[in-house]
Amino acid sequence: MAAAWQDHIHIMITQPAQDEGTTYEYAVSAKSLKPTGMPEKTVIAAPRRALDGTLRPHVLQAAGTPILFTDYTPVLRLDDLATFNTLAALVGTTVWYVPSYHDQAAHQIVACQVYFDKLGVPESPGPVVPYILVPAHFVDND
């Protein structure tokens with residue numbers, strides 16, 4: 001099966017196994033309303049000016065190549081309070097994150113280790129809607 005946009009993400013406490021046919025232990029599997037295939041890319045830089053005014057950016061590098069950090073901020077649809085509480089208990093920990101663009105049969109290929117930075121304020125789309133929307137922020141740990 002090839003990678004494709006899925007309607008969900010996975011958050012795992014342990015690294016996904018490399019062997020085929022493994023049953024994965026998910027801490028949370030949640031609907032993702034904001035596609036996370038276009039993650040936020042950042043570098044650590046300190047732009048400075050030379051005495052003649054020319055720009056001289058100082059960038060964190062490895063072997064001459066800027067280190068690119070990837071953060072994710074999906075908006076999750078949570079159907080019950082138990083899922084919200086499980087997610088809230090993981091804030092401040094390092095987890096394995098599988099974004100919404102992945103192969104259902106091979107999660108280990110796209111799983112990345114991230115720091116679960118914060119869980120946003122839950123919002124209800126309306127009084128008769130049986131779910132809440134919660135933004136989550138994951139910071140690159142690599």
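With the simple spin-label model, which puts each label point 7 Å out from Cα in the Cβ direction, the GLN61 to ALA82 separation comes to 5.3 nm.
With the simple model of a label 7 Å out from the Cα in the direction of the Cβ, GLN15 to GLN113 spans 0.7 nm.
If R0 is 35 Å, the Cβ-Cβ spacing of TYR131 and VAL43 corresponds to a FRET efficiency of close to 0.45.
A short reminder: the numbers here are calculations on the coordinates, not readings from a lab. If you're wondering where the values come from, they're calculated on a predicted model, not measured in any experiment. Positions of Cβ are generated from backbone atoms using ideal geometry, with glycine treated the same way; all protein chains shown enter the neighbour counts.
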